[in-house]
Amino acid sequence: MNLKEEHSMMTIQEAITARHSVRAYSAEPIPKELRSQLDACALECSKEGNVHIFIRYDDPDGFDSRLAHYGNFKNVNNYIVLAGKKDADFDLRCGYYGEKLVLFAQQLGLNTCWVALTFNKRKVKEILSDGESLCMVIALGYGETQGTAHKGKTVRDVSVSADAPDWFAEGVNAALLAPTATNQQKFQFAYRDGEVHLRSKGIGTCLRTDLGIVKYHFEAVTGKTVIVD
Ligand SMILES: Cc1cc2nc3c(=O)[nH]c(=O)nc-3n(C[C@H](O)[C@H](O)[C@H](O)COP(=O)(O)O)c2cc1C
C-alpha cells in the first residue's frame, strides 16, 4: 500500500453519506489492525461518555437462534455492546457515543446496524459486568452490500429556524442521514439566540437513543454544540 492510499480514509461527512443499515454480512473476519483501532475508539468513547462500550468479535451467539436467520439479520459475527450504569442520560449518551463508533467503523470500510430488538438479549446480558445495564447492540462487519439510503423527512419537517446561519441547515441535513429506530426521525432542531436546541417530537421507541445519534451527526459536521432540552 502506498502512502497516498494509507491516508485516504474517508471524511466524517463522507462516512455520514455512505452509512446505511446493513443486516446481512459476509463471513470475512475483521482484521487485527482494524480491531485495535476500533477498540481504541470504543475505549475513548467509554471514557468520554461515562458508558461501557465494547466490541465482541467472532461471537455469533449474540444473534444466534434455532432459525438460520435471527430477525432479518444474517451472519452477524461481531457486535458492539452499549452498556453502563443507568441514569437519566444513559440512552442519550449511548446513542451519541455509539454513533461516534459507527461512523469510525464506516471510515474503516465496515458496515453496521443499530439493533434494539432482534438480538439474543439473554446471551448479551451474561457478558455484562455486575450492576451494568444494557442499552442495545450494534451489528458490525463487512456487509454483503453497502445498504440503501432511507427515505426521509426534510429540513423543514424537522427544524425551526429564523435567521439561522448556513451551517444550521448543514447540521440538520447530516442529522437527517442518521439512523433512527424504525426510521421514525421524531426529532426537532431549533436555532434560537445563537444556540442549537434539540428535542424529540411525538411518541415512539428509543427516542432518547435517537436524540444522541442525531446530536452526534449535527456536531460532527458543524463543530457546534447541540443542547438537548
Ligand atoms: C435506536 C435504533 C434501534 C434500531 N433497532 C433495530 C432493530 O431492532 N432491528 C432492525 O432491523 N433495525 C433496527 N434499527 C435500524 C433502523 O431501522 C434504521 O436505522 C432506519 O430504518 C434507517 O435506515 P438507515 O440506518 O439505513 O439509514 C435501529 C436503529 C436505531 C437508531
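The values are calculated or read from the model by the stated rules, or taken from the named source; none is laboratory data. Since this is a predicted model, take the numbers as computed values, not measurements. Cβ sites come from the backbone with ideal geometry, for glycine too, and all protein chains shown count toward neighbours.
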Tell me, please, whether a residue that is within 14 Å of the ligand (Cβ to nearest atom) and of a type outside the set (Lys, Arg) can be found in segment 23-32. yes
Can you pull out the residues in segment 80-120 that are more than 10 Å from the ligand (Cβ to nearest atom) and part of a helix (DSSP H, G or I)? 90, 92, 93, 96, 97, 100, 101, 103, 104, 105, 106, 107
For the list (1) crowded, with 22+ Cβ neighbours inside 10 Å; (2) outside the structural domain of residue 180 (by TED's automatic domain parsing); (3) more than 12 Å from the ligand (Cβ to nearest atom), I need the number of the one condition that residue 64 fails. (1)
Where in segment 121-208 are there strands (runs of 3 or more DSSP E), lying fully within it, with 1 or more residues that are within 16 Å of the ligand (Cβ to nearest atom) and loosely packed, with under 15 Cβ neighbours inside 10 Å? none
